[in-house]
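Report on one structure; see the data block that follows.
Any read-out appearing in this document is the output of simple, stated calculations on the displayed coordinates, not a laboratory observation. The model shown is predicted, which means the values in this text are computed figures rather than measured ones. Note that each Cβ is placed from the backbone with ideal geometry, even for glycine, and that neighbours are counted across all protein chains shown.
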Amino acid sequence: MGTTSSAARTPSAFSRFAHEYMIVLITIGVFVCATIACTIKFGEPTHFLNIQNMVNILRASSVMGIIALGMAFVIISGNIDLSVGAQMVFVGIASFNVINGLEPSIGPYAAIAVGIVVAMVMSVALSMFCGFIVTKGVVPSFIITLGLSYIYRSLSIFELQSGGINISTKVFQKISNTNLGIVPMPVIYFFIVFAVYLYISRYTVLGRRIFAVGSNAQATRLSGINTDMIKIQAFALLGLTVAIAAVVEGSRMNSMNSSSSGLGYDLNTIAMAVVGGIAMEGGKGNFVNVLFGIIILGMINNVLTIMGMDVYLVNAVKGGIIIAAVLLLRSRGKLN
């Protein structure tokens, strides 16, 4: 009797997998539904189900996906950042100005290298400053980052008089508009960032401490860890991804518009992280699941475009799917 009762209480291998990686099953479900929808509409599935379209999904998701990986660390630490879209534009404009200014005197390659370094240093510094205000001012991060978003966007619009900026050298475009086989370079950059951030989250002291701070900041502080510095470092990891995204996006478009570039990136990257199982209250998450969250949002955007969904309804449908996915994850205990 005891053995039978114990066996009955032991979850199956599938149940354990579903509990830990429900996001994988959701991804498969979205993929199957998208394939069926395209088959019904077009009479065959190849509008969605082909290699080139899969590559397009990854390419379209790569820039926001890069930022989402950094956003995951900030959310795990117990904070949030609503300024990443505006910060990407602000940093991108500064980088473009540096490249355009230096290219005639030191050549395109050196100018681009300096511009990229400037973007990274500037973005990390801005994010660390944001983290400093949040931790030392003891102010909710969403208020501080919302204010910074207004500041970055306003300064960008003022600088360019609501217009855009281009790079004069064609070399810069090759950063994103080059393929490795059939795979565009932005997809390669995305997976490199994913691999690095996955490693940080699982195998470094910083990664473990970010989880600890988000889970219980007071207990972590009492153990002798500087929790404020850990939160600031989490913001720095986000700032680095914002800089990478600015370079990749700027190179792909060969421009940065002060009014329209980066719009919606903040909420979309938060959605990618949360759909990927990052707990909004902090302390919990899995970067492999975040990868699937990014892919889910990419597939949803892609299939709605293929289906010819009315542009005014796209966000409504996408929002409904996001809510359903998050509720399903919570029901399995992944966001509790």
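Annotations for the structure displayed:
- Taking a straight line from the alpha carbon of Lys231, these lysines sit under 20 Å away, with near neighbours fewer than eight places off in the same chain left out: Lys136, Lys284.
- Helix-only CD estimate at 222 nm, as mean residue ellipticity for the chain, using -39500 (n - 2.57) per DSSP H run (n ≥ 4): -25000 deg cm²/dmol
- Cα gyration tensor category, rounded, prolate or oblate, for segment 11-126 with a/c compared to 1.5: oblate
- Each residue of the chain gets 168 Å³ once the volume of the Cα convex hull is shared out per residue.
- Packing-based exposure ordering (other Cβ within 10 Å, fewest first) of Asp310, Asp81, Asp266: Asp310, Asp266, Asp81
- More than 27 Å apart - percent of Cα-Cα pairs taken over segment 88-215: 38
- Note on Thr35/Ile182: beta-carbon distance plugged into 1/(1 + (r/R0)^6) with R0 of 30 Å gives a FRET efficiency of 0.90.
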